[in-house]
Amino acid sequence: MTKGNGRLAIVAGGAGFLGSHLTDLLLDRGYRVLCIDNLRTGRRDNLRHLEREPRFDLMEWDVIVPLPGKDQKRLRPAEIYNLACAASPPHYQSDPEHTMLTSVVGTRNLLRLAEGAGARFLQASTSEVYGDPDVHPQVETYWGNVNPTGPRACYDEGKRSAETLAFDFLRTGRVDVRVARIFNTYGPRMRADDGRVVSNIVCQALSGKPVTVYGDGSQTRSFCYVGDLIEGLNRLMDYGAPDLGPVNLGNPAELTVRDLVDRVVALTGSEATVVEAPLPVDDPRRRRPDITKARDRLGWEPRIGLDAGLRATIDWFAAEAERVVAEDFPRRRNGNGHAAMPAADGSA
Ligand code: UDP
């Protein structure tokens, strides 16, 4: 048994993309893990391989509602990771009220659970707290440039409020808190209908559909492979001194969306054409984390380069498409040897 030593970690949002990978890592490191997920964007499939794992449990529950009193008394988590929130723009904008309340009321409920149990708490925050940044690269001391009334605000302002709550609980000595500001992350278990750029263009390229670039593709992002990100989250939780403030976690290798598209198309060997689509409202022009703090304090930095990470992601989506085709949709196989991916809008 390694460092978890049978202690209980709660992962809120544990059936999601990041949460399910974090769950795997915590189980590997000897924890018992309870995932709490409302399964709106998280999927049971992400945890299916753990069905027979005695140290794992999944509770279908919405963190907006406080846990039942008997569970609050019974559960004595040593650590709570709060990853509960829809994270892709089309998903979090489809029910903005719920998105905002998940971050504000949900975080408050989980902080109170941590307070009652004396658990350490990690809040998954986001690079979106910087909005469309005037400071580049983004350093944790930058307060951000968020439009508080735009369509992204339910997520951005919700996550900013969650940070506020977390640091107030810390300042008043109620909970030992860590806050990670997570930058764009990609990898296996993203949803095909996630709507984000990596999943969209990988699925489009694999199925030979036109690849969508929003705007002229000159906006930049910096993409971190999921395995690197999860290691960073765990190191932050383990960090001994709580007065660290928020910590950026992401890969500082920045590129334009257009360059990303070209890399994906080349790696898939696809002959897909590239089409421009309208740039979403308030789409940040550029984004790149300054990870000096994570490097210095956590000894963490990403190890997986973009090509290796994209290859693993492409392989996973290709295998996933084969599985879907084999199980459900024989008619989906297309002529070029790849199974057709579900469309980004979720249609067949
Ligand atoms: N984007 C794109 N094509 C897509 C999906 C997204 O060009 O099919 C762009 C989007 O406008 C943004 C960037 O890719 O500039 C990253 O978008 P994503 O939704 O993945 O993440 P976020 O905007 O939250 O960083």
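The values are calculated or read from the model by the stated rules, or taken from the named source; none is laboratory data. Everything quoted here is computed from the prediction, not taken from an experiment. Please note: Cβ atoms are built from the backbone with ideal geometry, for glycine as well, and neighbour counts cover all protein chains shown. We work out accessible area using only protein heavy atoms, side chains counted, and drop any ligands, DNA or RNA first. Shrake-Rupley method; radii C 1.70, N 1.55, O 1.52, S 1.80 Å.
Annotations
- Inter-label distance, nm, simple model (7 Å from Cα along the C-beta direction), Ala308/Ala326: 2.8 nm
- Two-site FRET efficiency, Asp216 against His49, from Cβ-Cβ distance with R₀ of 41 Å, rounded to 0.05: 0.50
- For Ser125, net neighbour charge (Lys/Arg +1, Asp/Glu -1) across residues whose Cβ lies under 11 Å away: 0
- Relative to the longest principal axis of the Cα atoms of the chain, helix 197-206 runs at roughly 40 degrees.
- Partner lysines for Lys3 [C-alpha distance under 27 Å; skip if fewer than 8 residues away on the same chain]: Lys73, Lys293
- Environment charge at Ala84 (Cβ cut-off 9 Å; Lys +1, Arg +1, Asp -1, Glu -1): -2
- Accessible-area value, Glu140, 1.4 Å probe, nucleic acids and ligands omitted, Å²: 20 Å²
- Helix 107-117 axis, angle to the chain major axis (alpha carbon atoms, nearest 10°): 40 degrees
- Zone residues, the stretch 297-321, relative to Asp243, backbone N less than 17 Å from point 7 Å out along Cα-to-Cβ: 297
- For the chain, the alpha carbon positions stretch 58, 48, 37 Å along the principal axes, listed from largest to smallest.
- Rounded to the nearest 10 Å², the accessible area of Asp57 at probe 1.4 Å: 90 Å²
- Thr212 long-range amide H proximity, modeled H, under 5 Å: Val275
- Database remark: amide H of Arg178 closer than 5 angstrom to the amide H of Phe121, Leu122, Gln123 (H placed geometrically; neighbours at sequence offset of 5 or more, or on other chains; Pro and chain starts carry no H).
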